[in-house]
1. Going by amide H atoms built from the backbone, whose H comes under 5 Å of the H on Ile344, apart from near neighbours?
2. For the range 218-311, compute Rh as the Kirkwood radius over C-alpha pairs and then the Stokes-Einstein diffusion coefficient at 10 °C and 1.306 mPa s; write the answer in µm²/s, rounded to an integer.
3. How much of the pair distance distribution for the range 104-288 lies past 22 Å, counting alpha-carbon pairs only, in percent?
4. Starting with the fewest neighbours, write out Ser115, Ser325, Ser215 ranked by other beta-carbon atoms found within 10 Å of each beta-carbon.
5. What pairs from Lys202/Lys258; Lys149/Lys258; Lys247/Lys353 go past 24 Å between their alpha carbons?
6. Convert each backbone phi in the range 119-129 into a coupling constant with the Karplus relation 6.51 cos²θ - 1.76 cosθ + 1.60 (shift: θ = phi - 60°), then list the ³J(HN,Hα) values in order as whole Hz, x for Gly and Pro.
7. Using Cα centres only, tell me the gap between the range 155-185 and the range 284-298 in whole Å.
8. Out of the DSSP beta bridges found with both residues in the range 234-356, what percent are antiparallel (nearest 5)?
Amino acid sequence: MGPPLQPNQCGSRLGAPPSLPAECGGVACKPGLRVGMAVAAAIACRLLRLRAAGAGGHWRRLRGAGLPRGFLQPASAGEDAAQWRRVAHFTFQPDPEPLEYGQTQKMNLFQAVTSALDNSLAKDPTAVIFGEDVAFGGVFRCTVGLRDKYGKDRVFNTPLCEQGIVGFGIGIAVTGATAIAEIQFADYIFPAFDQIVNEAAKYRYRSGDLFNCGSLTIRAPWGCVGHGAVYHSQSPEAFFAHCPGIKVVVPRSPFQAKGLLLSCIEDKNPCIFFEPKILYRAAVEQVPVEPYNIPLSQAEVIQEGSDVTLVAWGTQVHVIREVASMAQEKLGVSCEVIDLRTIIPWDVDTVCKLVLCFIGCFLSYDKIMSPSFIHYMLNATPRCMFWNT
């Protein structure tokens, strides 16, 4: 929720990093690169261990086809940085059961999304859900049962036309109703790019705050998964992270997904909610049955440390948690782990404050090696390294 965003407000959140915090005495608490390189070594060790466990043959075949697989490098390194083998491997780590929201139930991520949508339809009689194959439950079953419960006028299919889906959602939101649009895969969101960045994001600004489409939420399955290939594996948040006037959110777990999605639906700004599809069934934990909200634009420190800061969002949070455990166990390096959660406006204050107190920052993301949102974070956050997967 929070106040409406003007385009320049989102932009101001992406400004220069704050000055060094007073508790650090105006300088980094632990100068030098030893710890940062130790973490890099821990990651390299982990990746080599995984490859030795049987993934090497698969990646050798990919290398034979000339396919790049990302690399680990300092932020200042050039294009000739050393290549590192790695596999898409992680273990989902559920959070402790939340006790402050009443009764909980074991849910995977797609069930948590369904629960959030159910809560929204029950609470708001103007809310409607629509998209390709949404009426029968969607390709990932996130809307299963909702049409039978709330009727075909509130949960319905659309033609295979992403710009039409988003444009229709903007029109609904402008009337004051709540529009929850589904793009079947995040890869398919690009035909709707103009509707999102030139219409939804600017609607409030261009009307002098007389009109808005802030009650629009766009959901889309996001990220890589086995056998996804080119059109079902992309992570396009970077394209929207440079567009003021919208919010972009990526959860790491079922509990986070429900609370953040409800906050997006109730926010006064159009939101894009990317759902890590590899976690739809792999991530299972206790989730409150009743509605609850998790604040947007607030990063969460999910593990405290004293040497280096690790930052990620979505699926990669679980990867860096494993890395943090290995760094502590094998090298004695204490890692602070941050889940960014909201990509725009991102919580620059929390991230930069922690980074400047430690030796530096290690950023991990699930995307191809090309200009991305994380490159902006590298500019805003000094002493950074990043790991692309």
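1. Residues meeting the criterion, in which the H sits 1.01 Å from N, are Val248.
2. Roughly 107 µm²/s, to the nearest whole number.
3. 40
4. Ser325, Ser115, Ser215
5. The answer is Lys202/Lys258.
6. Once rounded to whole Hz, the list reads 4, 5, 5, 5, 7, 10, x, 8, 6, 9, 10.
7. Between the Cα centres of the range 155-185 and the range 284-298 lies a distance of 24 Å.
8. 40
Every number in this text was worked out from the coordinates using simple rules, so none of it is lab data. All of these numbers come straight from a predicted model, not from anything done at the bench. No Cβ is skipped: glycine too gets one built from the backbone with ideal geometry, and neighbour counts run over all protein chains shown.
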